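See structure below.
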Amino acid sequence: MNTNRIRTLKPEPGKALSGRGPVVYWMSRDQRAEDNWALLFAQDEAVRAKVPLVVAFCVVPSFLGATAAQYAFMLGGLREVEERLLDKNIHFDLVTGDPGDRIPELVKAYGARCLVTDFDPLRVKRAWKKAVSAAVNTAFFEVDAHNVVPCWIASDKQEYAARTLRPKLTKLTPEYLEEFPRLKRHPFELKGGGPPVDWQGAERWVAKHTPAPPPSSPRARPADGAPAGREADAGQDARPTPGTSRARRVLARFLAHGLALYDRRRNDPNAHGTSSLSPYLHFGQISAQRVALEVGRSRVNRRAREAFLEELVVRRELSDNFCFYNPHYESVRGFPDWAVKTLSSRLKDRREYVYSLGELERAQTHDPLWNAAQAQMLTTGRMHGYMRMYWAKKILEWTESPEEAMRAAGYLNDTYELDGRDPNGYAGIAWAIGGVHDRPWPGRRVFGTIRYMSYDGCKAKFDVEAYIRRYAVERD
Ligand code: FAD
Ligand code: FO1
């Protein structure tokens, strides 16, 4: 393992003060037992010290507006994590509450030798780590298990665009895109580690502490991953089954049937031409590096592979770079200067349509294409990537100010998307509304020089009527 993936958040307090208990891996973003550099590092440390290994997950109340629907997907994936770890003689703990309290309590109760966690650029996660670091009396390490090239190594500053990050990633990728070692059966058992997780209790806790899904959103599916109603294998309209095994099947299906045509079909919202991996990548149920390795081995044409890796690696890691280096990633303050200026100069432009958040939420606009995209998100928990761009740009066009547009798009994305609350979401919205990672385009009303998208532009690209029919919003 490339040790540049690891950062020390708190150094070892000195041998005399180091606990004699297990190494604890506080799992958060990378919720899987395989292909997980943070877990592999924690196991190496535990084997070196001849101590047991414990993985702990802290369920927090209402993470960035997530509802019970998204928590159910997460808990479903974590059940599988527990099973796989048990198989490897590794204890799994699920605690609930504020990680700033619960993780240090656990570290203390175990007399942990050291603490390891995974990397995440979001502010809330950095605040949790700060609180944990201040409260533990043990070494504390962070491992980037999400990106192919660790975020802080890929670049030491906020990048302007994909074109400035791409050459850096291209240069560094060979150093990091290595095959994962297997997680070993852990040779040191935890004595008296407590019972297995009470999953029903966890579900009850989540039901009590997180908002119920809004009435129009997909209902939460059972956390054991039992198929719910209208599931089709990996189709865009299915409510996906959580977990690493399912993620691997979705990947296998994409490699066999989707990848070869990816560059030609990915912008057609009717075509099922993309991987549908984003919920699994978001919750870390599959590693992007595993996906990149398998795509690299596939025999499909190079153009298709390169087009897919551009999204999976360059665009995804550019989003982490944006959130890591820009503290205002979800507001107008995070926009580039040219975008702030052009949007301010258009503040007084007359808006042809203005909708309230409630009207947008209920898909009650004059535009059937936009309503269909919103309805796709409400009913399935996902929206096709091409429609996400159109969707966010229209929110800018139909609200009184870019600030309001950012608030509405962020709220809707984080409330309804299964893969919301993610650097990709913050960067995607900032791209659409605030020109982040983009450049000025010919000027027009409301948008100034922010890139515009139109209904007619969509019509020229794909069969908009078919998309509208599919997600038609029924009106009384
Ligand atoms: P594929 O096309 O199969 O791509 C494979 C993977 O590459 C994706 O799963 C994702 O991890 C990554 N990827 C693809 N496109 C992008 C992109 N433009 N930027 C960064 N990474 C990308 N993505 C999220 O994961 N969560 C979000 O909340 C989210 N919100 C978005 C909001 C807006 C306004 C926009 C414009 C984009 C948003 N995206 C978001 C990015 C992108 O639309 C989705 O990742 C993609 O549609 C997911 O479908 P897929 O897995 O089939 O993608
Ligand atoms: N991470 C946690 O460590 N604990 C949680 O309870 C938790 C809930 C949660 C709910 C919805 C969601 O989309 C993400 C959630 N995450 C949680 C975080 C997630 O694993 C990611 O780290 C970030 O959302 C993106 O980087």
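Here are some notes:
- Tail beyond 36 Å, pair distance distribution of the chain (Cα, percent): 29
- Built amide H within the under 5 Å cut-off of residue 56, gap 5+: 25, 26, 27, 93
- Against the main long axis of the alpha-carbon atoms of the chain, helix 199-209 sits at an angle near 50°.
- Rolled with a 1.4 Å probe across the full set of protein chains, the surface gives residue 462 an accessible area near 10 Å².
- Across 348/461; 108/130; 125/208, pairs whose alpha-carbon gap is larger than 24 Å: 348/461
- Rounded to 5, the percent of DSSP beta bridges in the chain classed as antiparallel: 20
- At most 12 other Cβ within 10 Å, DSSP loop - trypsin sites (Lys or Arg not before Pro), the range 110-179: 157
- Cα gyration tensor shape of the range 289-395, rounded if a/c is under 1.5, else prolate or oblate by comparing a/b with b/c: oblate
- Using alpha-carbon coordinates, inclination of helix 68-87 to the longest axis of the chain, degrees: 30
- The angle between the Cα long axis of helix 316-325 and the main principal axis of the chain comes to about 80°, on a 0 to 90 degree scale.
- A DSSP coil position with no more than 11 other Cβ atoms inside 10 Å describes the following trypsin sites (Lys or Arg not before Pro) in the range 317-411: 348, 350.
- Orientation-averaged projected area, Cα convex hull of the range 332-474 (nm²): 8.0
- Calculated [θ] (222 nm, deg cm²/dmol) that DSSP helices of n ≥ 4 give over the chain, each run adding -39,500 (n - 2.57): -13500 deg cm²/dmol
- The phi-based Karplus calculation (6.51 cos²θ - 1.76 cosθ + 1.60; θ = phi - 60°) puts the 3J(HN,Hα) values of the range 260-265 at 4, 10, 3, 5, 8, 10 Hz, whole numbers, x for Gly and Pro.
- 10 Å Cβ shell holding at most 15 others, DSSP loop, GluC sites (Glu not before Pro): longest site-free stretch of the chain: 1-177
- Heavy-atom accessible area with a 1.4 Å probe sorts 268, 198, 422, largest first, into 198, 268, 422.
- Surface per residue (accessible, 1.4 Å probe) for the range 254-360, Å²: 46
- Scattering curve values for the range 71-156, log₁₀ I(q)/I(0), Debye with Cα scatterers, q = 0.18, 0.24 Å⁻¹: -1.02, -1.35
- Label sites at residue 300 and residue 204, each approximated as a point 7 angstrom past Cα along Cα to Cβ, lie 4.6 nm apart.
- Protein accessible area in the chain, 1.4 Å probe - carbon and sulfur %: 51
- 3J(HN,Hα) couplings calculated from phi for the range 105-116 with the Karplus curve 6.51 cos²θ - 1.76 cosθ + 1.60 (θ = phi - 60°) are, in sequence order, 4, 5, 4, 5, 4, 7, x, 4, 6, 7, 10, 10 Hz; Gly and Pro show x.
- Sequence-distant aspartates and glutamates (8 or more away, or on other chains) whose Cα lies within less than 18 Å of residue 10: 45, 101, 105, 118, 120, 142, 144
- Measuring between their Cα centroids, the range 166-214 and the range 50-123 lie 7 Å from each other.
- For the range 3-146, the solvent-accessible area with a 1.4 angstrom probe is 35 square angstrom per residue.
- Relative to the 2.2 N^0.38 Å rule of thumb, the range 411-476 has a C-alpha radius of gyration ratio of 1.40.
- When only Cα pairs below 8 angstrom with a gap of at least 6 residues are kept, the range 9-90 shows a relative contact order of 35 percent.
The values are calculated or read from the model by the stated rules, or taken from the named source; none is laboratory data. Bear in mind that the values here come from a model prediction, so they are computed numbers and not experimental data. All Cβ positions, glycine included, derive from the backbone under ideal geometry; neighbour counts span all protein chains shown. Side chains are part of the model used for accessible areas, which takes the heavy atoms of the whole protein and leaves out ligands, DNA and RNA. Shrake-Rupley method; radii C 1.70, N 1.55, O 1.52, S 1.80 Å.
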